[in-house]
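The values are calculated or read from the model by the stated rules, or taken from the named source; none is laboratory data. Just so it is clear, the structure is predicted and the values come from calculations on it, not from any experiment. Every residue, glycine as well, gets a Cβ built from its backbone with ideal geometry; the counts of neighbours run over all protein chains shown. Surface accessibility is based on the protein's heavy atoms, side chains included, excluding ligands, DNA and RNA. Shrake-Rupley method; radii C 1.70, N 1.55, O 1.52, S 1.80 Å.
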Amino acid sequence: MKIAVLGTGGGAREHTAKLVELGHEVFVGTRDPEATLARTEPDMMGNAPYGQWLADHPGVTLLTFGDAAEAADEIVINGIDGHNAVAALTGIAGSLSGKTLIDYAVPYLYQHASEHPWPTPWGVMPKLDPCDTDSLGERIQRALPDAKVVKSFVTQEQSTVVNPKAVGDGDHTMFVASDHDDAKRTVTDLLASYGWTDILDLGPLVCSRGMEMYAHMHSAIGFGLGQQFGGHFGIKVVR
């Protein structure tokens, strides 16, 4: 299958590499491919320059966001950061029409003023915006009424999403939420190909609010486990 991954950060790289391993043809989208390839310094998260990573992963095609989405048969994975996702995706709305758009972005607002800041190893914990009464997943769906937005992947580090057996031999839970049942089935099938056996359908896309708000709890658990950056653990819903 031809699948698009939008973004070149660490999470997007995890999905790109896994999809190629599974035999898919992967098109990676970025704002400016030439600028992306010209970078020689690690990104803000310490990831190697994308050109260097790409050289070690043959078979991946780097395009603009719109061209990558257009090349996909059905599935587009959104790895664009939450602050910029709506604007970037709205600009390529036509290329996303009718396709399943998997969103794992968290609507973090960095460098915000807080009366009671939460200090972390990398500075003040970012603020969630939107929160409680709206979600990034819902905003993306409203901006792209012809796409089928599915919120998923967001409650784990992406390295664990693509390799669930790395934690507890895979005995933990992944979540999906969407207003489109056929798109949820598509994402569930993709997750099964990644190795997930416990996939919980939370229902409509409004449930993405809960998944996005869990991001702070994910960080807190990681800190409690002594994992300052990311988090090598899973969560299990016990029925």
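Computed quantities for the displayed model
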{"quantity": "Within the accessible area of the stretch 48-168 (1.4 Å probe), percent carbon and sulfur", "calculated": "50 percent"}
{"quantity": "The stretch 151-239 - accessible surface per residue (Å², probe 1.4 Å)", "calculated": "44 Å²"}
{"quantity": "Globularity ratio of the stretch 107-187, using Cα Rg and 2.2 N^0.38 Å", "calculated": "1.37"}
{"quantity": "Reachable aspartates and glutamates from Lys236, criterion Cα separation under 13 angstrom, eight or more residues apart if same chain", "calculated": "Asp169, Asp171, Asp198"}
{"quantity": "Cα-based reach from Lys99 at 12 Å (exclusive), listing aspartates and glutamates while leaving out same-chain residues under 8 positions away", "calculated": "Glu70, Asp73, Glu74, Asp146, Asp182"}
{"quantity": "For Lys18, net neighbour charge (Lys/Arg +1, Asp/Glu -1) across residues whose Cβ lies under 14 Å away", "calculated": "-2"}
{"quantity": "Fully extended contour minus Cα-Cα distance, from Met213 to Asp146, at 0.36 nm per residue", "calculated": "21.5 nm"}
{"quantity": "Linear extension gain, Ala55 paired with Asp181, 0.36 nm per residue minus alpha-carbon span", "calculated": "41.6 nm"}
{"quantity": "Inter-centroid distance (Cα atoms) of the stretch 191-239 relative to the stretch 15-92, Å", "calculated": "23 Å"}
{"quantity": "Intensity falloff of the stretch 78-127 expressed as log10 I(q)/I(0), Debye formula with alpha-carbon point scatterers, at q = 0.19, 0.22, 0.24 Å⁻¹", "calculated": "-0.70, -0.81, -0.90"}
{"quantity": "The chain - Rg over Rh from alpha carbon coordinates, Kirkwood radius", "calculated": "0.94"}
{"quantity": "Full-extension gain in nm, Val238 to Met45, via 0.36 nm per residue minus C-alpha separation", "calculated": "66.1 nm"}
{"quantity": "Cβ-Cβ FRET estimate between Leu200 and Leu109, R0 fixed at 35 Å, reported to 0.05", "calculated": "0.80"}
{"quantity": "Percent RCO, i.e. relative contact order, over the chain, from Cα pairs under 8 Å lying at least 6 residues apart", "calculated": "17 percent"}
